[in-house]
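The values are calculated or read from the model by the stated rules, or taken from the named source; none is laboratory data. Since the model is a prediction, treat every value here as computed from it, not as a measurement. Backbone-built Cβ (ideal geometry, glycine too); neighbour counts: all protein chains shown. Just the protein is used for accessible areas: all its heavy atoms, side chains included, with ligands, DNA and RNA removed. Shrake-Rupley method; radii C 1.70, N 1.55, O 1.52, S 1.80 Å.
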Amino acid sequence: MGTLPPSIQNLINEFNKLPGIGPKTSERFIFHLLKRPKSDLEQMANSLRELKDKIAICTECYDFTENSPCDICTSSQRDKTTICVVAESPDLMAIEKAGTYKGIYHVLGGVINQIYGIGPDQLRINELEERIKKNGIKEIILATNPDMEGESTALYLIRVLKPLGIRITRIGKGLPMGSNIEYADEVTLANAMEGRGEVK
Ligand SMILES: [Zn+2]
């Protein structure tokens with residue numbers, strides 16, 4: 001094939017922007033989509049549109065939700081004195097799936113990463129401090145990934161939160177260095193939460 005028709009090339013460019021998707025995979029997606037009935041594609045376009053229309057960010061924990069505050073923040077079954085701090089939404093979902101944690105969350109919106117120029121002020125750290133001061137929080141569980149960025153984010157948080165005089169714990173036992181909370185299996189994650197150690 002010579003040059004691709006612009007309508008195909010445009011969509012390839014869009015898919016290319018997704019993490020882990022290269023030009024070859026984008027092409028494969030698009031030629032697959034072309035074989036599907038038009039109604040399928042319309043359904044997909046609608047879902048994409050709804051994504052930004054319906055999904056908001058929880059005003060308490062900053063997780064994605066259709067109703068803010070989210071179900072976890074408003075649940076009477078959750079312990080509102082313990083906050084588990086995660087980098088991103090998928091980490092929260094993984095911990096929820098493990099099923100043993102009964103506190104609430106705080107989504108930072110990323111980790112400190114010097115290579116990408118992400119510093120503490122681009123994360124929701126002030127918001128976390130505010131929540132701790134306002135809401136009588138007793139324990140903060142640092143559940144950033146056990147890799148370089150996750151560790152430096154945890155260290156930074158320990159430094160800022162220590163003066164607030166609350167118990168600070170770090171998820172970790174059983175999670176090997178360099179591993180990823182999002183992809184950890186449920187048993188490992190439940191154990192890591194259970195066996196969290198206090199940061200001195
Ligand atoms: Zn929430």
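Here are some notes:
- If only residues of region 42-90 that are acidic (Asp, Glu) and in a helix (DSSP H, G or I) are counted, the one that is farthest from residue 192 (Cα to Cα) is 42.
- Filtered by the rule that a residue be over 20 Å from residue 95 (Cα atoms) and either near the ligand (Cβ under 10 Å from one of its atoms) or β-branched (Val, Ile, Thr) (or both), region 48-58 gives a lone residue, 55.
- Breaking point among (1) among the hydrophobic types (A, V, I, L, M, F, W, C); (2) under 29 Å from residue 75 (Cα atoms); (3) touching a Ser or Thr at 6+ places or on another chain (Cβ under 7 Å), for residue 168: (3)
- Residue in region 59-82 that is closer than 17 Å to residue 154 by Cβ and either in the same structural domain as residue 157 (by TED's automatic domain parsing) or within 14 Å of the ligand (Cβ to nearest atom) (or both) present: yes
- Qualifying residues in region 155-196 (those that are of a type in the set (Gly, Ala, Ser) and over 17 Å from residue 95 (Cβ atoms)) - the one surrounded by the most Cβ atoms within 10 Å (Cβ to Cβ): 178
- Enumeration of residues in region 56-69 that are within 30 Å of residue 30 (Cα to Cα), among the hydrophobic types (A, V, I, L, M, F, W, C) and open to solvent by 60 Å² or more (accessible area, probe 1.4 Å): 64
- Yes/no for residue 156 being more than 23 Å from residue 65 (Cα to Cα) and at pLDDT 90 or above: yes
- The residues of region 126-154 that are small (Gly, Ala, Ser) and open to solvent by less than 30 Å² (accessible area, probe 1.4 Å), listed by number, are 143, 150, 154.
- Of the residues making up region 102-116, those that are away from the ligand (no atom under 14 Å from the Cβ), open to solvent by less than 50 Å² (accessible area, probe 1.4 Å) and not β-branched (Val, Ile, Thr) number 2.
- The set of residues in region 43-57 being over 18 Å from residue 33 (Cβ atoms) and either touching a residue at least 60 places away in the same chain (Cβ under 8 Å) or not basic (Lys, Arg) (or both) consists of 50, 53, 55, 56, 57.
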